[in-house]
2 protein chains.
Amino acid sequence: MAKELNISVSTVSRALNNHTSISESTRKRVWQLAKEVNYQPNHLAAALRKGRSNLLGVMVPHIEGHFFSSVMHGIETVASKSGFNIMICQSNENVANERKNIESLMNAQVEGILVSLARNTHDFKHFDKVDNLAIPLVFFDRVLEGLNVSSVIIDDYLGAYQAVTHLIEQGCQRIAHFAGPQHLNIYKNRHRGYLDALRAHGLPLDEQLVYTCDMRTEDGTEGMEKLLALDVPPDAVFSSSDFSIVGAMQVLKARQIRVPQDIALVGFSNETFTSLTEPRLTSVDQRCEQMGQSAVKLFLEMLEDRSGSFSPRRIVLQPELLVRESSLRT
Amino acid sequence: MAKELNISVSTVSRALNNHTSISESTRKRVWQLAKEVNYQPNHLAAALRKGRSNLLGVMVPHIEGHFFSSVMHGIETVASKSGFNIMICQSNENVANERKNIESLMNAQVEGILVSLARNTHDFKHFDKVDNLAIPLVFFDRVLEGLNVSSVIIDDYLGAYQAVTHLIEQGCQRIAHFAGPQHLNIYKNRHRGYLDALRAHGLPLDEQLVYTCDMRTEDGTEGMEKLLALDVPPDAVFSSSDFSIVGAMQVLKARQIRVPQDIALVGFSNETFTSLTEPRLTSVDQRCEQMGQSAVKLFLEMLEDRSGSFSPRRIVLQPELLVRESSLRT
DNA sequence: TAGGTTTATGCAAACGTTTGTCTTTTTAGT
DNA sequence: ACTAAAAAGACAAACGTTTGCATAAACCTA
C-alpha cells in the first residue's frame, strides 16, 4: 500500500474514494502516487469489510448454444453497468452439480443468484439456504411452478397462440403441431397455446395432427413424414422448436412440396439458422437478451428492498413472432 | 461464526479444513454444529488471508454466438473441476472496455486471466499491469502476433489447407475463396492455407476467384453471383466463414445449380446450422471446447510454475474437417 | 515420578480495506 | 485576539479467515 511513502493511513482510502473531508491537495497527491506505484485496490478486502462483494452469481444448465449464451449476454451487460461482476456456473442438467454450485456461489459471498434450473430439478430444497440468508434469488426460463420466488419467463402460451393465429390468418385450416416433452412447462404451455388458438378461431382439433417428440431435427423429419401419410395432410405445421421444423422443411423440399404455399411452417426460438434457410423460417423470438436484462434488474430491485422483505415478482416477457417467408402466403 | 457455541476459536478453522492436529471428536462436533447453524464459510476472508482467490477471469468480445459460448463451456468445465470460480467480462469489441475489464478483474484479485481480444486491439499496453504482477495471462483465438505470451489458437492455415485439399481430391479444379478482412489473422491464415493448397497441387491461382468481404450471409450471396458471372465460373467455393457459404448456397439453389455436383462448398467454423442445410455443409471445426480447456490447463501450469518465471507456451490446436454432402462428389 | 514426546488446542497477528470517533489544524466571526 | 465552528486528518477497530508459535494435556518410557 502507498501509505508509507506519504504520511497517512486511512486517509488514503478516503482520498481514493474521493471522500469530501479530504483536501484537494492531498487527494491529488494520493492519486498521483497511486498511478506511479501501479496501486491495485484489493476488492476482496473491501468486500470483506463492507459486506458487499459486488458479485452476482449465475447458474445455467450449460452456457453453449443460442439461448443461454444470449441470456448471459444480457445479464453481463446490465450487471456490469451496475458495477457487478458476474460469476458463472453450469449445472450440466444435473441436480447434484446444482447443489454444489449453489454452495460455491454462497461461499463466494455473491449478493444474488440468477438460476435457470436443470431439467430434472423438481424440488427447492437446495435453495433454502439462499432463501434463509435472504440472498436475492431470481429464476429465469426454467423455473419451478407454483413457488413463491422471483422469476422471469416468456409467455410460451402467448407465443404459440400468436404463431397459430398468424397461420390461420394466412388461410391455413389444418394446422399440425410438433409438441415437445409434455412434462416440461415450456412445451406444455406452447401446446396449450396451439390448442386455444385453434379453438378461438373455430377450427376443429384433430389429434392426428399433434406429434409429440424430442424436438430434434430428425424428429421433425419423422413427424413430417407421418403427417404427410395422413389421409388429409395438414396445410401448416407449428413446431415448439426450430430444430424440428427445419427437419420438416427438409422433407418437404425433398418431396417438392412448396413452402409456404402447400404447407406453411412456423418454429419456436428464433435460432440463428432460421434466417438462413430457404425460405427463411418464421419463428417465435424468446427475447433471450431481454430475459437476462430483466433478471438482473429484478435482482437489483430486490437488493434495494432488502430490508422490507421483498415480495417476489414474476416477470412475463412477451415473445415476438417474426414472420418470414416460410409462413407468408402473400 | 460457530465459535462461541462451542469452546474454541481457530480450532474451528482447522476442524473444518480437516487439519491433522485436531482430535476426531472435536472435528465431528464442529462439522455437526456447522450443519445445524447452516454455517457459511466466507471465501472472501479466506482468500484475503491466503492471498488466493480461486478466481479465474475470462474476457471475450461477446458471449453470445456459437464460438465463444462453446469455448466458455470448455473453460468453465475444467476450471470448476480444479476448484476455480470463473468471472466473465465482455469487451464488446471495444478496447476501452477491455481496459476497464482488466482493471476490474485485477481488483477482484483473480489468479489468472484468459482473454480473447477485441477486433481493434493492436497493442499490449493495458496488459502490462497483468504482466508486471506476474498474473498468469493466456490469450485464446484472438491473439496478438509476435508477442511473447501464452496462447492457444487453432491452426487456421491448416484448416484451410485441408479443406481445399479435400476439394481437390473430390475432383474440383477451379476453387474459389471467400476471404475475410485480411487485417485479421484468422482470415489471413485461412487465405494462405487456400493459396498453398492450390500451389501444392499444381493448380493455377486465379485472382478473380478470390472474393474478399465481411463474411456475412449477404456477402456470400453477392460473392457467389460475382463468381457465376465470370467467363469460367468455379467448380467449388471454400469460404472462411459458414455464414457466407450459406449465402452462396442460397444463390446456387435459386439458380438450380447443383451442390456439390456443379459446385462444391466448404465453410469454416462448423456452426450449428451447417448440419441443417440441404445438403449439409462441409465445414472446418474449430475445437471450441478444446480451446477453452487448453487455455485453462495452460493457466494452471503457469500457476504451478509461478516461482520460476514460466516461459510462455503457445498451443496450436488441429482443426478438424467435417466432410458432409456439400462437398462429397462420391 | 521426572523427563520427554506426542497430541490437541488456544493466542494473536495478519491479509487490505472501511469507517466511527476523536484530535488537530484552519477559518471565520465578533 | 479569543472563541466557535468547520475542515482535514489520524487512530483503531472491524470484516472472517488462516497460521506460526506457544501452551496445556495426555501418553510413554525408563
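For the range B:33-42, state whether one or more residues are near DNA strand C (Cβ under 8 Å from one of its atoms) and either under 29 Å from residue B:111 (Cα atoms) or open to solvent by 70 Å² or more (accessible area, probe 1.4 Å) (or both).
Looking through the range B:33-42, none of the residues is near DNA strand C (Cβ under 8 Å from one of its atoms) and either under 29 Å from residue B:111 (Cα atoms) or open to solvent by 70 Å² or more (accessible area, probe 1.4 Å) (or both).
Under the condition of being touching a residue at least 60 places away in the same chain (Cβ under 8 Å) and in a loop (DSSP other than H, G, I, E, B), which residue from the range A:174-211 is surrounded by the fewest Cβ atoms within 10 Å (Cβ to Cβ)?
A:184
Would you mind finding the one in B:91, B:53, B:82, B:69 that is loosely packed, with under 15 Cβ neighbours inside 10 Å, within 41 Å of the chain's Cα centre (by Cα) and either away from DNA strand D (no atom under 12 Å from the Cβ) or in contact (Cβ under 8 Å) with a residue 12 or more places away in the chain (or both)?
Of B:91, B:53, B:82, B:69, the one residue that is loosely packed, with under 15 Cβ neighbours inside 10 Å, within 41 Å of the chain's Cα centre (by Cα) and either away from DNA strand D (no atom under 12 Å from the Cβ) or in contact (Cβ under 8 Å) with a residue 12 or more places away in the chain (or both) is B:82.
Just checking, which of A:244, A:294 is modelled with pLDDT of 95 or more and not assigned by TED's automatic domain parsing to the domain that holds residue A:312?
Of the residues listed, the single one that is modelled with pLDDT of 95 or more and not assigned by TED's automatic domain parsing to the domain that holds residue A:312 is A:244.
Checking residue A:59 against (1) within 16 Å of DNA strand C (Cβ to nearest atom); (2) more than 8 Å from every other protein chain (Cβ to nearest Cβ): exactly one of these is not met. Which one?
(1)
So if I check each of B:171, B:146, B:159, which one is more than 14 Å from chain A (Cβ to nearest Cβ), surrounded by fewer than 17 Cβ atoms within 10 Å (Cβ to Cβ) and modelled with pLDDT of 95 or more?
Answer to the selection: B:171.
Given the criteria touching a Lys or Arg at 6+ places or on another chain (Cβ under 7 Å), more than 10 Å from every other protein chain (Cβ to nearest Cβ), more than 9 Å from DNA strand C (Cβ to nearest atom) and on the phi < 0 side of the Ramachandran plot, does residue B:95 qualify?
no
Filter the range A:6-21 down to residues that are modelled with pLDDT of 90 or more and of a type in the set (A, V, I, L, M, F, W, C) and give me whichever is farthest from DNA strand C (Cβ to nearest atom).
A:15
For residues that are open to solvent by 10 Å² or more (accessible area, probe 1.4 Å) and within 27 Å of residue B:189 (Cα to Cα), tally how many sit in the range B:223-233.
The qualifying residues number 6.
If you take the residues of the range B:3-32 that are more than 8 Å from DNA strand D (Cβ to nearest atom) and among the hydrophobic types (A, V, I, L, M, F, W, C), which of them is surrounded by the fewest Cβ atoms within 10 Å (Cβ to Cβ)?
Only one residue tops the list, namely B:7.
Matching residues to (1) in the same structural domain as residue A:94 (by TED's automatic domain parsing); (2) out of contact with any Gly (no Cβ under 9 Å at 6 or more places or on another chain):
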site	(1), (2)
A:6	no, yes
A:21	no, yes
A:53	yes, yes
A:56	yes, no
A:61	yes, yes
A:66	yes, no
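In this structure, is residue B:48 within 16 Å of DNA strand C (Cβ to nearest atom) and either surrounded by fewer than 17 Cβ atoms within 10 Å (Cβ to Cβ) or more than 7 Å from every other protein chain (Cβ to nearest Cβ) (or both)?
So residue B:48 fails the test.
Inspect the range A:90-102 for any residue being in a strand (DSSP E or B) and either aliphatic (A, V, I, L, M) or out of contact with any strand residue (DSSP E or B) (no Cβ under 9 Å at 6 or more places or on another chain) (or both) and give the result as yes or no.
The answer is no, given that none of the residues of the range A:90-102 is in a strand (DSSP E or B) and either aliphatic (A, V, I, L, M) or out of contact with any strand residue (DSSP E or B) (no Cβ under 9 Å at 6 or more places or on another chain) (or both).
Just to confirm my filter: which strands (runs of 3 or more DSSP E) fall fully inside the range B:228-310 and include at least 3 residues that are touching a residue at least 12 places away in the same chain (Cβ under 8 Å), within 29 Å of residue A:215 (Cβ to Cβ) and of a type outside the set (Asp, Glu)?
Qualifying strands (runs of 3 or more DSSP E): B:264-269, B:282-285.
Please enumerate the residues belonging to the range B:250-272 that are within 8 Å of chain A (Cβ to nearest Cβ) and surrounded by 23 or more Cβ atoms within 10 Å (Cβ to Cβ).
Hit for the range B:250-272 is B:271, nothing else.
Answer yes or no: is there a residue in the range B:121-136 that is touching a Pro at 6+ places or on another chain (Cβ under 8 Å) and open to solvent by 10 Å² or more (accessible area, probe 1.4 Å).
No: zero hits.
The values are calculated or read from the model by the stated rules, or taken from the named source; none is laboratory data. Nothing here was measured: the structure is a model prediction, and the numbers come from that model. Methodologically, a virtual Cβ is constructed for each residue, glycine included, from the backbone with ideal geometry; neighbour enumeration extends over all protein chains shown. The protein model used for the area step is the full one, side chains on, heavy atoms only, and it has no ligands, DNA or RNA in it. Shrake-Rupley method; radii C 1.70, N 1.55, O 1.52, S 1.80 Å.
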